[in-house]
Amino acid sequence: NLSGLVGMTERDVIIANDENRSNNASVTDDFGKQGNNGWFYQYGYYRNPFFAVNIEKYIDGEKYYTKDGVEIKKDFIMPSTKGKSANVKWKVAQDGAIDIYADYTKLKNEDANPLWPDGTVVTLMHNNAILKSEFFAPHTTKEVTKDLSVFGVEVKKGDCITLVVDGIDNTAYDGGLYT
């Protein structure tokens with residue numbers, strides 16, 4: 001059984017200087033407090049970006065984390081067990097078209113039993129619509145990088161763009177680097 005998610009979401013956080021924000025944002029440059037330049041660091045069940053809550057545990061400037069294994073840094077992301085995805089969400093500042101530059105590098109599977117891991121699915125979403133999705137097999141000998149960039153996405157102020165990292169059932173070595 002899945003326990004219910006409890007906590008704040010992007011709807012509960014006031015974004016500082018909301019009227020002054022533009023559609024230019026970088027998770028690397030803006031990493032920090034929930035809502036900073038529209039960024040949110042969440043965990044949820046599977047690949048539903050709106051069935052997710054903000055991660056409450058934060059080490060200033062370093063990472064967001066949960067006790068059961070979700071970890072999000074400005075360049076590293078790790079899902080957790082039992083279907084808990086790690087989500088990096090950005091709330092759109094203005095109506096218009098945006099270009100999303102995103103990639104994910106799946107780290108090597110260093111598990112002692114390489115038959116046990118089941119891979120990772122990384123999905124880029126606009127609200128509930130899938131923009132791009134990639135499956136990463138649990139390679140034991142190499143890292144794999146895939147481009148999830150999408151250009152010319154029509155958005156409205158308040159829409160959400162979410163990078164969802166889902167470890168499927170087993171999350172052994174499902175973490176990776178993202179930009």
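The values are calculated or read from the model by the stated rules, or taken from the named source; none is laboratory data. Please read all numbers here as calculations on a predicted model, not as lab measurements. No Cβ is skipped: glycine too gets one built from the backbone with ideal geometry, and neighbour counts run over all protein chains shown. Note: accessible area is taken over every heavy atom of the protein model, side chains too, but ligands, DNA and RNA are not part of it. Shrake-Rupley method; radii C 1.70, N 1.55, O 1.52, S 1.80 Å.
For the range 80-99, enumerate the residues that are closer than 15 Å to Arg21 by Cβ and of a type in the set (S, T, N, Q).
Across the range 80-99, the qualifying residue is only Gln94.
Restricting to the range 16-60, name every residue that is open to solvent by 40 Å² or more (accessible area, probe 1.4 Å), without any contact (Cβ under 8 Å) to a residue 12 or more places away in the chain and touching a helix residue (DSSP H, G or I) at 6+ places or on another chain (Cβ under 9 Å).
Asn17, Asn24, Asp29
Can you tell me which residues in the range 140-157 are in a strand (DSSP E or B) and open to solvent by 100 Å² or more (accessible area, probe 1.4 Å)?
Phe151, Glu154
Just name the residue that is modelled with the lowest pLDDT out of those in the range 114-139 that are open to solvent by 70 Å² or more (accessible area, probe 1.4 Å) and aromatic (Phe, Trp, Tyr).
Checked the range 114-139; the qualifying residue modelled with the lowest pLDDT is Trp116.
Confirm whether Val144 is of a type in the set (A, V, I, L, M) and touching a residue at least 60 places away in the same chain (Cβ under 8 Å).
So Val144 does not fit the description; no.
Which ones in the range 76-113 are within 17 Å of Asp147 (Cα to Cα), open to solvent by less than 60 Å² (accessible area, probe 1.4 Å), outside any strand (DSSP E or B) and modelled with pLDDT of 95 or more?
Ala102
Count, please, the residues in the range 166-179 that happen to be open to solvent by less than 30 Å² (accessible area, probe 1.4 Å) and part of a loop (DSSP other than H, G, I, E, B). So that I can check it myself, show each step before the final result.
First, pick out the residues of the range 166-179 that are open to solvent by less than 30 Å² (accessible area, probe 1.4 Å): 166-167, 170-172, 174-176, 178.
Those still in the list that are part of a loop (DSSP other than H, G, I, E, B) too: 167, 170-172, 174-175.
Qualifying residue count for the region: 6.
Give just the number: which of (1) over 16 Å from Lys91 (Cα atoms); (2) crowded, with 16+ Cβ neighbours inside 10 Å does Leu163 not satisfy?
Looking at each condition in turn, Leu163 falls short on (1).
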